[in-house]
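The values are calculated or read from the model by the stated rules, or taken from the named source; none is laboratory data. Here the structure is a predicted model, which is why all the values come from computation and not from measurement. Positions of Cβ are generated from backbone atoms using ideal geometry, with glycine treated the same way; all protein chains shown enter the neighbour counts.
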Amino acid sequence: MNRRDFTLAKLKGLGNTIIDDVEKNTVPAVKVPSRGTSNIVYDQDKRYYVLGDRYGQRSLGNVKQIKKVAQMVSMANFCKGLVETQKTATIREMYYVSEGWDVDFGSQDESNLIGEDLEVTLGIAREDLGLMPEEDGASVYGNITIKDDDVEINAAKSGKSGYSISPTIDDVEFVDHDVQRVIAVETMGMFHRMVQEKAYKKFDTLIVGLKGQAARATRRFLKRVNEELHLPVYICNDGDPWGFHIAMVIISGSAKLAHVNHDLATPDAKFMGVTASDIINYDLPTDPLKDIDVLRLKELAKDPRYKNEFWQNEIKKMLKIGKKAEQQSFSKYGLEYVVDTYFPEKLDSM
C-alpha cells in the first residue's frame, strides 16, 4: 500500500470509528495519544524522543470536548479531500478555509494544535495529510540529481541557491549523486560562503543551508540521504546553546514532535559546529554569554540527548569561559579560512 492509500485508509478509519459508535447507540469517542511531557520518553536504543503509551479520550458525551472532536473531524474531512484530489494547502490556508465550516477555530494556534492532534491520532505526518508549512524550504547545493514532479534537477546547476527542499520531500526521487557526505550549516551566510569557495568540490559534499531551526522537510531530507544514499551527515552551527539545540533536533528529534521523530531524526549525524574548545583553540571573536544562555546551557546539561562525554565537556567549558561565537567569526582570518583551514581540520579530527 502506498503512502496516499495508507493515509486515506487511516482517515476513513477515523470516520468509520465514529459511525460505528453511532450505529451501536454508543457515545462516539476518539482516542488521542497524550503529548504531555510525562508521556514523552527519550528512547536510548533509537536515540530520539518517542511517545509513551498514554492516551486521552475525547467524547461527544463531554460538553467540554464536543468542539474539539468536531474540529478534528472537520479537519480530517478537509484533509481527505486534499489527499483524494492530490492537492495541498498550507496550514494558514486551512485556518482561513475553516471560517466556512460549521465549527471553526478561534486562532491559528488553536488550528495548529488540532492539526497536531490529528496527525498523532492517525500516526501520519501532516505532509501526508496534504498540510504544508508556510516556511521556505532549505537550500541544497552539490552534485545530486533529484526528480521532483517529473522534473529532474541537479542541485549544482540550479543557480547560486541550489535546490530548494520541497515540503513534499517524500515524493521526491533521488536519481543520482556523486558526493561522499553532507554538510548542513545553520546560516545562509555560511551556505553562500561555502558555495563561493567551492566547498562542494573540495569536500565532495552536499551543502545544506538550514535557515536556522531546520524545518520538518529539511530534517526529512537529511534523514533520507543518510539512510537511502548512505551519506554521512555533519551539522555545523554557531557556538552557543541555541546552535547546539538546532543540531540536536536534527540528530535526536524534538520532544514536541515525538510522534514523528522516527521519520525526522538522524541519530548518526555528527555535530561539527563551533565548540567552546574551538573558541579557545582558534582564538575566535566572541560575545559574552547572557543570563538566558547560561540558563539554557544548564538545561542542556541535564537533557538525556547531551549525556555523552563530548557534550558534557563542551557545555561545562562554555560555562567556564563565559563566551559564545558565531560560525562567521572565522572570517577574522579571511573569508576563505573556514573552508580552507577550519573544515578540513574539523573533518580530520572526526
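Restricting the range 51-95 to residues that are under 23 Å from the mean Cα position of the chain (by Cα) and hydroxyl-bearing (Ser, Thr, Tyr), which is modelled with the highest pLDDT?
Within the range 51-95, the match that is modelled with the highest pLDDT is TYR95.
A quick yes/no check of all residues on (1) over 18 Å from VAL73 (Cβ atoms); (2) assigned by TED's automatic domain parsing to the domain that holds LYS68:
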{"residue": "GLN108", "(1), (2)": "yes, yes"}
{"residue": "ASN112", "(1), (2)": "no, yes"}
{"residue": "LEU118", "(1), (2)": "no, yes"}
{"residue": "THR145", "(1), (2)": "yes, no"}
{"residue": "ASP148", "(1), (2)": "yes, no"}
{"residue": "LYS160", "(1), (2)": "yes, no"}
{"residue": "THR168", "(1), (2)": "yes, no"}
{"residue": "ASP171", "(1), (2)": "yes, no"}
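Consider the range 237-291. How many of its residues are touching a residue at least 60 places away in the same chain (Cβ under 8 Å), among the polar types (S, T, N, Q) and either surrounded by 23 or more Cβ atoms within 10 Å (Cβ to Cβ) or not in a loop (DSSP other than H, G, I, E, B) (or both)?
So the answer is 3.
Would you call TYR48 in contact with a strand residue (DSSP E or B) (Cβ under 7 Å, 6 or more places away or on another chain) and either within 28 Å of ALA265 (Cβ to Cβ) or at pLDDT 95 or above (or both)?
No, not satisfied.
Given the condition within 22 Å of the chain's Cα centre (by Cα) and surrounded by fewer than 14 Cβ atoms within 10 Å (Cβ to Cβ), answer yes or no: does some residue in the range 105-114 qualify?
Yes, the conditions are met somewhere in the range 105-114.
Being out of contact with any Phe, Trp or Tyr (no Cβ under 9 Å at 6 or more places or on another chain) and in a strand (DSSP E or B) is the filter here, so list the residues in the range 149-165 that pass it.
VAL151, GLU152, SER164
Considering only residues that are assigned to a helix (DSSP H, G or I), at pLDDT 95 or above and surrounded by fewer than 21 Cβ atoms within 10 Å (Cβ to Cβ), which ones fall in the range 316-337?
LYS316, LYS317, LEU319, LYS320, ILE321
Of the numbered conditions (1) over 18 Å from ILE251 (Cβ atoms); (2) within 14 Å of the chain's Cα centre (by Cα); (3) surrounded by 21 or more Cβ atoms within 10 Å (Cβ to Cβ); (4) not assigned by TED's automatic domain parsing to the domain that holds LYS10, VAL208 fails exactly one; give the number of that condition.
Answer for VAL208: the failing condition is (1).
Does ALA199 fit the bill of being assigned by TED's automatic domain parsing to the domain that holds ASP340, of a type in the set (Gly, Ala, Ser) and under 22 Å from ASP348 (Cα atoms)?
So ALA199 passes the test.
Which residues, counting only those in the range 150-169, are surrounded by 16 or more Cβ atoms within 10 Å (Cβ to Cβ), touching a helix residue (DSSP H, G or I) at 6+ places or on another chain (Cβ under 7 Å) and of a type outside the set (S, T, N, Q)?
ALA156, ILE165, PRO167, ILE169
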